[in-house]
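K.L.:
Below are the structure tokens for one structure; questions will follow.
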């Protein structure tokens with residue numbers, strides 16, 4: 001993997017690129033909102049308000065996603081995210097998934113046994 005210094009430099013460049021993208025999207029959102037308001041003033045109910053709202057929501061969602069990516073890259077630059085942790089995290093996840101499978105299997109066996117007990121109690125009219 002690249003050196004940490006090279007990674008941080010690459011991350012900073014990507015942050016700048018994504019920040020420009022976020023700014024472009026924010027400007028696009030403002031333009032979209034202004035256009036929609038103007039069009040609504042002029043044409044009102046003849047327009048599809050749902051489409052207007054949907055377009056604005058789509059742009060907002062893109063902005064949130066770009067900002068999320070910037071935040072992750074900043075964590076790397078700030079030393080709060082280590083890309084070398086991937087193997088350790090994958091191994092830990094596999095362990096937890098195995099534990100979950102074991103717990104679910106145990107739960108299933110207990111549920112079967114409990115159903116048998118309740119069935120027999122019901123047949124014998126016991127509470």
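Computed from the coordinates by the stated procedures, all read-outs in this text should not be read as laboratory data. It should be emphasised that the depicted structure is a prediction, and the values quoted were computed from it without experimental measurement. Counting neighbours? That spans all protein chains shown, and the Cβs are built from the backbone with ideal geometry, glycine included.
K.L.:
What nm distance separates the two modelled labels at residue 39 and residue 72, each placed 7 Å from Cα along Cα→Cβ?
P.N.:
Going from the residue 39 label point to the residue 72 one covers 3.3 nm.
K.L.:
Also, I was wondering about something else. For percent of Cα pairs over 19 Å apart, which listed value, (1) 52; (2) 46; (3) 72, comes from the coordinates shown?
P.N.:
(3)
K.L.:
I've got another one for you. Just grab the label-to-label distance for residue 48 and residue 93, each label 7 Å out from Cα along the Cβ direction, in nm (one decimal).
P.N.:
Using points 7 Å along Cα→Cβ, the separation is 3.8 nm.
K.L.:
Another question, if that's okay. Relative to the longest principal Cα axis of the chain, at what angle does helix 86-123 sit, 0 to 90 degrees, rounded to 10?
P.N.:
That works out to roughly 40 degrees.
K.L.:
Here is a follow-up. For an R0 of 35 angstrom, estimate the FRET efficiency from the Cβ-Cβ distance between residue 80 and residue 110 and round to the nearest 0.05.
P.N.:
Approximately 0.25, to the nearest 0.05.
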